[in-house]
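Below is one structure, written out as structure tokens; comments come after it.
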Amino acid sequence: ILFRAHLGCWREGQGMAGMSVSGDIYVPSAEEDEDAGSTLDEPISATLKRDGKAILRKCYYVIVPVGEKKSLLHDWDLWGPLLICIVMGILLHSWDRRGENQTVHFLHVFLLVWGGAGVVTVNSQLLRGRVSFFQSVCTLGYCLVPLLLALVLSRALLSFSSASRLVFAIRLGVSGLALAWSVWASLGFLSEYLPSDRKALAVYPIFLFYFSISLLIVAQGNGFV
């Protein structure tokens, strides 16, 4: 019985030896993989065009926060928030022509945006939010777009009349609407990543962050800033 078993195994081995085994075992190298998705060799104009489209697309998601929400968190960047912060600082800075106070105003806006976003993000992290630091800063920065539009409109109204009560009432209403829009948009992106039993503790600092910026917009041109 043992002899027949060995004989059967030997015949199976001979049959497998006669079979032809063929195939492609080529594996692309790491350098080829990097070259396939690399953007180091593309023109600077193409890079700026691609990044500009990405920034405009994310701003659109904030203005109309009812469609795609996850791409703003997954494809985060800090270029958009930086540009928004610089534009807001320049608009508030250029209104005051009292010399040294101009720099103080720009510095206030810059520190308020980045410092406030950082504090709100740390608060979300302490509440065990499931979003990274830079994702939260990116979202809070892009959600400044409604306030930026309110600031542009406020500057336009102040160029006609800065002492009119009607103009002040319009600016106050526009700033309040922009404040509500910014808070609503930020919560639309971040709410699902926050613990359900601690959302109120996360919403309050977000509201204070945008409320402080809206106060700068309302106070602009009224002797407060």
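The values are calculated or read from the model by the stated rules, or taken from the named source; none is laboratory data. Keep in mind it's a predicted model, so treat the numbers as computed, not measured. Positions of Cβ are generated from backbone atoms using ideal geometry, with glycine treated the same way; all protein chains shown enter the neighbour counts. Protein only, heavy atoms only, side chains kept; ligands, DNA and RNA dropped before computing areas. Shrake-Rupley method; radii C 1.70, N 1.55, O 1.52, S 1.80 Å.
For ILE86, what accessible surface area do you get with a 1.4 Å probe? Give it in Å², rounded to 10.
Near enough 60 Å² of accessible area.
At a 10 angstrom cut-off on C-beta neighbours, averaged per residue, how do the peptides 139-145, 119-125, 183-189 rank from highest to lowest?
139-145, 183-189, 119-125
Starting from the residue with the highest accessible area, list LYS49, LYS199 in decreasing order, probe 1.4 Å.
Greatest to least solvent exposure: LYS49, LYS199.
R0 = 30 Å: FRET efficiency of GLU192 with LEU82, Cβ-based, nearest 0.05?
With a Förster radius of 30 Å, E is 0.70.
Return the whole-Å distance between the Cα centroid of region 74-90 and the Cα centroid of region 102-138.
12
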